[in-house]
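FYI, it's all coordinate maths here, none of it is from the lab. Worth saying up front: this structure is predicted, and the values here are computed from it rather than measured. Note: ideal-geometry Cβ built from the backbone for every residue, glycine included; neighbour counts use all protein chains shown.
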Amino acid sequence: MRRILLACAAAFLAGCVAPPARVDVSETRAPDQSYMVDLPTGWIKHTQPDKTLLVSRDGFPLQTIILAHAPLERAFPRTKKAASETMLPSELAELYISELKNRDQQLSVLKVIENEPVRLDGRDGFRSRVSYMTPRGLEMHHVSYGLADKSGFYRIEYAAPKLYYFDRTLGDFEKTVASFRLTNREKTATK
Amino acid sequence: MARNDRIALAAILVGAALGMADVLASLAPFSEAGGARPASEDEQRVWSQAQEFSGIIGKSGVLYQDGALDAYLQQVMDSLFPEFRGAIRVRAVQAPQLNAFALPDGAIYVNTGLMARFGNEAQLATVLAHEGTHFTHRHGFRSQQNLKSNAAFASVTAMLGVPILPQLLAISSIFGFSREMETEADQVGYDRLQKAGYDPHESPKVFEHLMREVKAEGVDEPFFFASHPKLKERVDNMTRFSARAPAGGGGTSRADYARTVQKLRVDNLEGMLSMGRAKSALLMLEDPDHLAELPPYAPYYLGEAYRLRGGEGDSLRSEKAYLKALADAPDFAPTYRALGIHFLKTGQYSESIRHLTRYLEVAPDARDRKYVENYLQIARNKKEGR
């Protein structure tokens with residue numbers, strides 16, 4: 001989380017992205033135009049240089065919703081694996097969790113609490129929930145949705161300390177997920 | 001320069017030299033546990049930082065939780081450094097990288113990935129003796145006297161407020177033990193190994209094996225044991241020392257060590273595969289001797305490693321390995337799921353249905369039940385041509 005803050009600060013100071021802004025209108029188009037989503041109003045949104053969208057109400061270390069889109073071949077850069085639209089949801093979830101585990105040492109020993117197939121905008125995807133400890137011993141919970149479509153790999157994540165914050169805004173996150181739709185209307189057949 | 005000035009300068013130089021002598025004297029190796037404590041405020045500060053690091057390691061959930069294994073590690077360490085019992089504390093870190101490191105206060109950490117690769121206790125003892133010597137000879141504190149190391153240390157602790165784990169676990173690189181210190185750790189460690197009754201001829205094998213693996217993997221991680229030139233030096237030193245040692249010694253039983261670390265090896269394999277490190281896993285699993293030391297269901301992991309590598313011919317290799325796992329351990333549920341998914345993907349729907357159904361019978365409370373039920377439905381639909 002600290003890294004997210006540092007990345008935001010560095011990008012903002014470098015003048016390459018817009019500063020964080022309040023979400024006044026819920027319906028939001030992705031920075032790369034690839035999806036539409038309803039964000040919780042009154043929250044703060046911030047776009048990273050790679051077009052990843054970060055949203056928070058109480059501050060990024062306390063809860064963050066992350067929306068990201070990547071080309072299939074660059075879906076999992078740390079493990080250097082590609083996603084494909086024909087992958088089974090469990091295979092996609094496996095690659096995603098593997099990528100998470102390679103983010104840093106704390107995440108390498110994350111515990112998978114839930115991992116199940118879901119439908120996202122009419123497509124097959126996955127939902128996982130993992131937990132891990134920060135270096136200060138704070139338990140974090142991290143829920144992720146993911147789907148692969150011919151236009152790329154999409155992930156919607158929510159991370160917050162289990163203590164107080166996670167349950168407090170989980171409902172807002174789930175509403176955001178439910179509103180997620182790809183702008184590419186030509187939907188691929190489900191497996 | 002006036003004569004008085006020259007005398008003053010000489011006095012300063014002599015004073016400085018005497019001061020340096022005091023510093024050097026105070027940095028003599030510790031001789032036993034009672035005397036192993038900081039000798040100055042500076043050293044106390046370094047120990048405090050080390051304790052803070054240990055606290056973070058503990059809180060981060062990366063310590064491998066196995067009391068019996070902790071006791072075993074400590075027993076091997078105490079046999080190498082009997083007079084330091086209580087002062088040197090060893091713990092295993094749950095991480096697949098080939099790493100071990102010593103903190104200045106006597107805390108020693110060995111990655112499960114490294115322990116899983118040793119062939120016997122003598123090889124483990126070689127690394128513990130090396131790391132223990134870094135503590136007894138105060139290499140951590142001495143490295144802190146080096147400006148560069150201080151800067152690296154400060155950048156880790158100050159920039160982010162607290163050190164983050166990747167840097168923390170590369171601590172041996174951060175402290176940057178000099179070549180002389182590493183050689184000293186080789187020499188003293190080797191003497192300890194021999195004195196404790198371990199077969200010294202095992203010592204070069206540890207590093208030779210690791211060097212082969214690092215080379216095969218093209219590892220570029222900043223970990224001490226993953227550094228190829230440093231490994232080469234370890235091999236050269238250990239080969240030189242052991243060349244004059246008589247044959248024989250203890251700690252060479254592969255079977256005893258394999259029994260002790262069997263659970264750790266399985267956990268390490270699962271950790272590696274869940275991180276996508278299929279090639280590293282295959283380096284171990286394709287070794288028939290290593291595979292034979294694992295539980296009967298181990299070929300399942302071999303199959304998983306082939307599947308994850310996904311190279312030419314790996315699909316067939318994984319099927320063969322899964323079938324071997326099924327034959328050797330018919331009650332091991334994950335094999336049924338793996339075969340069910342494999343047959344689903346290869347269009348053998350009847351076989352897929354059979355194995356996925358069996359999986360849910362063997363593991364009715366499986367966490368991935370919803371996925372499997374979905375796949376069963378897909379297989380049935382495909383079989384019926386829908």
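Rg/Rh for chain A (Cα atoms only, Rh after Kirkwood) is 0.93.
A simple packing score, the average count of other Cβ atoms within 10 Å per residue, orders the peptides A:121-130, A:69-78, A:162-171, B:273-282 as B:273-282, A:121-130, A:69-78, A:162-171, with the highest score first.
Within straight-line reach of B:Lys205, meaning a Cα separation under 26 Å, sit the following lysines at least 8 residues removed in sequence or on another chain: B:Lys195, B:Lys215, B:Lys230, B:Lys232, B:Lys263, B:Lys279. Of the residues A:Glu99, A:Glu174, A:Glu114, the one that moves most in a GNM of chain A with alpha-carbon contacts below 10 Å is A:Glu114. Remark on B:Leu63: its backbone amide H falls under 5 Å from those of B:Gln94, a criterion applied only to residues 5 or more positions apart or on other chains, H modelled at 1.01 Å from N. Extents of the stretch A:56-151, largest first, come to 40, 28, 22 Å (Cα atoms, principal axes, whole angstrom).
Using C-alpha pairs below 8 Å separated by at least 6 residues, the relative contact order for the stretch A:2-182 is 20 percent.
Figure legend: label point modelled 7 angstrom from the Cα of B:Ser315 along Cα→Cβ; residues of the stretch B:321-365 with amide N under 12 Å from it are B:342-348. Averaged over peptide B:368-377, the number of partner chain Cβ atoms lying within 10 Å of each residue's Cβ comes to 4.
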